[in-house]
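Presented below is the structure to which this report refers.
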């Protein structure tokens with residue numbers, strides 16, 4: 001993937017406060033910082049990355065050059081151009097996939113950016129991928145993330161035990177989500193992340209499980 005593309009060529013979908021764009025090699029800095037942070041890794045139900053940054057950067061370069069068979073990963077960017085996180089589809093099948101999302105910078109968590117990123121991404125997915133079902137797993141204790149996913153259209157469908165951790169499985173179906181979207185359920189207004197964080201610090205998006 002060429003870093004020489006215009007910004008508009010990288011963007012897949014955009015909302016008032018966030019956009020979903022293709023990954024760039026320069027995103028490796030943020031991805032490594034978040035994945036090696038123990039607190040962020042805890043929200044994702046994973047061990048923090050311990051490999052040297054150079055190895056991680058080489059992996060990102062390889063993925064951007066040759067693609068990935070097991071997932072589609074994109075970057076989340078704020079309206080002012082800040083790299084804010086990652087969002088992906090993985091465990092892909094003919095008509096379903098699992099969603100994973102991380103909002104990296106701590107100061108952007110709880111600002112509603114995660115919910116807006118999910119809804120912006122799902123709107124693109126339903127119109128560009130032959131999926132009928134998208135599901136995710138969130139750690140049982142991460143109530144704030146679960147509320148975020150519910151507000152983005154997901155419903156609880158079960159519970160799963162993995163690696164001695166308890167996860168809630170949540171899912172959303174294309175037909176219902178698009179109906180809710182047409183009814184105006186997923187609307188967002190332009191606002192600053194700082195103001196949104198102060199207003200929603202205890203009620204909205206947090207890093208979520210990618211497992």
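Coordinate-derived values only; no laboratory data. Remember, it's a predicted structure, so these values are computed and weren't measured experimentally. FYI the Cβ positions are ideal-geometry reconstructions off the backbone, even for glycines, and counts take in every protein chain you see.
Brief remarks follow.
- Mean projection area, nm², convex hull over Cα of the chain: 11.4 nm²
- Whole-angstrom gap from the range 59-75 to the range 147-164, using each part's C-alpha centre: 26 Å
- Note: relative contact order over the chain, using C-alpha pairs below 8 Å and six or more positions apart, is 25 percent.
- If you bin all the Cα-Cα distances of the range 48-135 at 10 Å, starting from zero, the percentages per bin are 14, 41, 36, 9.
- Most to least packed among 57-68, 179-190 [average Cβ atoms within 10 Å]: 57-68, 179-190
- Relative packing of peptides 44-50, 15-21, 95-101 - highest average C-beta neighbours within 10 Å first: 15-21, 95-101, 44-50
- Sum of -39500 (n - 2.57) over DSSP H runs of 4+, divided by residues of the chain (222 nm, nearest 500): -10000 deg cm²/dmol
- Residue 169 versus residue 191: modelled label distance in nm, points set 7 Å from Cα along the beta carbon direction: 3.4 nm
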